[in-house]
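The values are calculated or read from the model by the stated rules, or taken from the named source; none is laboratory data. Computed from a predicted structure; not experimentally measured. Glycine also receives a Cβ, built like all others from the backbone with ideal geometry; neighbour counts cover every protein chain displayed. Just the protein is used for accessible areas: all its heavy atoms, side chains included, with ligands, DNA and RNA removed. Shrake-Rupley method; radii C 1.70, N 1.55, O 1.52, S 1.80 Å.
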Amino acid sequence: MADLPELGIGIDVGGTNTDTVVLDAGGRVIAKAKRPTTPDVTEGLRAALDAVLERLGPAQGRVGRVMLGTTHATNAILERRNLGRVAVLRLGAPATTSVPPLSGWPADLRKAVSAGEAVVGGGHYVDGREIGPPDLDGIRRFLDGVEAEAVAVTGVFSPASDGHERVVGELIRAEYGLPVSLSHEIGSLGLLERENATVLNAALYGVAAHVTGALAAALAERGLEARPYLAQNDGTLMTLEHAARLPVSTIGSGPANSLRGAAYLSGVADAIVVDVGGTSTDLGVLAGGFPRESAAAVEIGGVLTNFRMPDILAIALGGGTVVREHGIGPDSVGYRIVREALVFGGGTMTMTDAAVAAGRTPRDAGGWRERLNMDDMSQVTADILQRAVVVADEMVVDAVDRMALGKSDRPLVAVGGGAFLLPARVPGAGEVIRPEHAEVANAVGAAIALASGRVDTILPAGDSRSEAIERAKEEAAARAVAAGADPSGVEIVDLLEVPLSYLSEPAVRVHVKAAGPLAR
């Protein structure tokens, strides 16, 4: 069996279900499963993994890779749970002292995360000149006075000049033995948002260790010698070692996986994707087969960050959304839908019931309409379900209009377990495409993803510009390889130059993204 092509498993942990698929070497789906997401999401992950392994039988020995998109990091921040205590260190005195670190954070999150904050000498101006040398003695005095599990270091304009952050990181590792989160590896140029992302990253180290350990243990328990990867928020992958260092990069991986899976299953590279789950509906836009990225700061748990995230619009509409006499949602029965919805013999009206009553039934919905018992249903209940469909359709049309940005001819790819809720035609979009295996598009997206690396920096616009851009490309490619890409297959997939006209010397802001297939 060692001579046969290897198989890949994609897993995506959603709010309602954990989806799993197995892809062969040709990219065909040969097994798939949905299992309810459990309060401890790791148990749902194991159940979904076991479901597809059982269907593979002896062929499970051919599994060579397992790719996981998980909500662990997002849930930890939203629930203020299992976060580590972080010493927050900014290199930027005296230039940045007017706005202290963690300004604007919700009080409960700040209390859960911060072991103390300090602004010390160091950092750079936008043109690369030093504000001042890093105050190493001040850093030692600060760290001697706090009890922290990790340190977050943010230097002013460090994406353009990262030397001070690296020096301070080496000092902390050597003298204090603490893990260090360096901002130039995480966010782009905006100081406060990049600092916030760096602190969240450091707070998630314990969560990352739990996730990576649980995934490795789950594979070992099942005798799988597969290489594990975690999905990132841009629709690409990284090794467990990389994920342990940059866990904040897994936030937003679910919507990104859905978009990538939708592109793969439909064969459409430019489209609006509507992913209908049990609790919410996520809308995104495909551009060249990858998620369109948000140009705005992204709020996570009440904190603004500026690392790259898909441009996603989430609305409170899903298969488990509760239907009432005067409206729908925003609450959902979630993973309890298989017990509480009318079509499953329960007593709660949901959007699944409303869609089935309107004749929108998925292909595998054996007996749903019969159990809904339309003939015995009261006229009041029938009217409520009918109005719910109208309201839901209006929500979808409004959301599509907001994401389309005036371009109404893009096809709409409907994916997710609740995609049958969507009407056959959506104003503001072109053809509605419902690809095969759409209900597990998120897991497919995880299974087919590439590994990637990014660089976002400021470079001189003079004669040395081309050489500097080549160095930025090399750095982005090196980061892609560190994330798990095959060095021979890495390509530059995005290069953006923005002239900066407000500096004393001409300069350009350069964003480079490199991506490639996983190393074998």
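For this structure, a couple of remarks:
- The condition of being surrounded by 14 or more Cβ atoms within 10 Å (Cβ to Cβ), more than 21 Å from I186 (Cα to Cα) and in contact (Cβ under 8 Å) with a residue 40 or more places away in the chain does not hold for A483.
- Residue check, A515 in contact with a helix residue (DSSP H, G or I) (Cβ under 9 Å, 6 or more places away or on another chain), open to solvent by 30 Å² or more (accessible area, probe 1.4 Å) and modelled with pLDDT under 90: no
- Every condition in (1) open to solvent by less than 20 Å² (accessible area, probe 1.4 Å); (2) of a type outside the set (S, T, N, Q); (3) in a loop (DSSP other than H, G, I, E, B); (4) modelled with pLDDT of 90 or more is met by G187 except one, and the failing one is (4).
- Looking only at the stretch 68-79, and only at residues there that are touching a residue at least 40 places away in the same chain (Cβ under 8 Å) and not aliphatic (A, V, I, L, M), the one that is nearest to I9 (Cα to Cα): G69
- Selection count where residues are among the hydrophobic types (A, V, I, L, M, F, W, C) and open to solvent by 20 Å² or more (accessible area, probe 1.4 Å), scope the stretch 120-170: 9
- When residues of the stretch 413-464 are limited to those that are open to solvent by 30 Å² or more (accessible area, probe 1.4 Å) and under 21 Å from V493 (Cβ atoms), the one modelled with the highest pLDDT: I448
Each row is one residue, and each column tells you yes or no for (1) assigned to a loop (DSSP other than H, G, I, E, B); (2) touching a residue at least 24 places away in the same chain (Cβ under 8 Å); (3) in contact with a His (Cβ under 6 Å, 6 or more places away or on another chain).
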| residue | (1), (2), (3) |
| --- | --- |
| G406 | yes, no, no |
| V413 | no, yes, no |
| F420 | no, yes, no |
| G428 | yes, yes, no |
| P435 | yes, yes, no |
| E439 | no, yes, no |
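- All positions within the stretch 250-283 that are assigned to a loop (DSSP other than H, G, I, E, B) and either out of contact with any helix residue (DSSP H, G or I) (no Cβ under 8 Å at 6 or more places or on another chain) or within 18 Å of K407 (Cα to Cα) (or both): G267, V268, A269, D270, G277, S280
- Filtering the stretch 59-89 to residues that are of a type in the set (A, V, I, L, M, F, W, C) and either outside any helix (DSSP H, G or I) or touching a Phe, Trp or Tyr at 6+ places or on another chain (Cβ under 9 Å) (or both) leaves V63, V66, M67, L68, L83, V86, A87, V88, L89.
- The stretch 18-27: number of residues that are surrounded by fewer than 20 Cβ atoms within 10 Å (Cβ to Cβ) and free of Cβ contacts under 8 Å to residues at least 60 places away in the same chain: 3
- Against the test of being polar (S, T, N, Q), touching a residue at least 24 places away in the same chain (Cβ under 8 Å) and in contact with a His (Cβ under 8 Å, 6 or more places away or on another chain), the options T239, T212, T250 yield a single qualifying residue, T250.
- Residue list for the stretch 232-273, filter: open to solvent by 20 Å² or more (accessible area, probe 1.4 Å) and β-branched (V, I, T): T239, V268
- Exactly one residue among V391, V397 is part of a helix (DSSP H, G or I), surrounded by 12 or more Cβ atoms within 10 Å (Cβ to Cβ) and touching a Pro at 6+ places or on another chain (Cβ under 6 Å), and that residue is V397.
- The residue list I30, I11 contains one member that is of a type in the set (A, V, I, L, M), in contact with a helix residue (DSSP H, G or I) (Cβ under 9 Å, 6 or more places away or on another chain) and either open to solvent by 10 Å² or more (accessible area, probe 1.4 Å) or assigned to a loop (DSSP other than H, G, I, E, B) (or both), which is I30.
- Scanning the stretch 250-290 for residues that are of a type outside the set (G, A, S), modelled with pLDDT under 85 and over 20 Å from Y229 (Cβ atoms) gives a single hit, T279.
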